[in-house]
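J.: Sharing a structure, written as structure tokens. Questions coming.
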Amino acid sequence: MPHFQSKRHLARSFELFNALFSPYYQWHTHISENTYQCAFRHEIPPMETHFVRQIGPGDDHTHVCFNCMEVMLDLVINNDKDVRDLADMRRLNRAREFKVKSGMTL
């Protein structure tokens, strides 16, 4: 089971995960009164937070439960070297932008 240090770390991982997709195919959180089937073949009960993504033109969507999304984030963000390098570059750019905004010299 993946372990994220905090909800903030999970949210940042989710943001980076979404950055890998075009905006049209990004994941979004969703709560519904309906029951859905997770892409990994188990049921998502009503009124439970899950993730949804459009998979093509029209109304086709895929649904993933919270636990499966945590596993996907862990596999892609924490265990893929190229994605980790991308995350490090984003972190460095954020730090550089902060220094520029706060008037610090580079």
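J.: Give just the number: which of (1) farther than 16 Å from ASN18 by Cα; (2) hydrophobic (A, V, I, L, M, F, W, C); (3) touching a Leu at 6+ places or on another chain (Cβ under 8 Å) does MET47 not satisfy?
T.: Of everything listed in (1) farther than 16 Å from ASN18 by Cα; (2) hydrophobic (A, V, I, L, M, F, W, C); (3) touching a Leu at 6+ places or on another chain (Cβ under 8 Å), MET47 misses just condition (3).
J.: Looking only at residues in region 1-36 that are part of a helix (DSSP H, G or I) and touching a strand residue (DSSP E or B) at 6+ places or on another chain (Cβ under 8 Å), which one is surrounded by the most Cβ atoms within 10 Å (Cβ to Cβ)?
T.: The extreme case among them is TYR25.
J.: Go through the residues of region 76-86 one by one and say whether even a single one is in a strand (DSSP E or B) and not aliphatic (A, V, I, L, M).
T.: Within region 76-86, the first condition is being in a strand (DSSP E or B), and the residues that meet it are none.
Within region 76-86, none of the residues are in a strand (DSSP E or B) and not aliphatic (A, V, I, L, M).
J.: While we're looking at this one, here's another question. Of all residues in region 45-54 being surrounded by 12 or more Cβ atoms within 10 Å (Cβ to Cβ) and assigned to a loop (DSSP other than H, G, I, E, B), which is modelled with the highest pLDDT? Talk me through it step by step, then tell me what you get.
T.: If we filter region 45-54 for residues that are surrounded by 12 or more Cβ atoms within 10 Å (Cβ to Cβ), which is where we start, we get 48-54.
Among the residues that remain, those that are also assigned to a loop (DSSP other than H, G, I, E, B) are: 48-49.
On the way: GLU48: 93, THR49: 90.
Within region 45-54, the match that is modelled with the highest pLDDT is GLU48.
J.: If you check ASP60 against the conditions, is it of a type in the set (D, E, K, R), within 23 Å of TYR25 (Cα to Cα) and out of contact with any strand residue (DSSP E or B) (no Cβ under 8 Å at 6 or more places or on another chain)?
T.: Criteria not met by ASP60.
The values are calculated or read from the model by the stated rules, or taken from the named source; none is laboratory data. Bear in mind the structure is a predicted one, so any value in this text is a computation, not a measurement. As a convention, Cβ positions derive from the backbone with ideal geometry for all residues, glycine included, and neighbour counts pool all protein chains shown.
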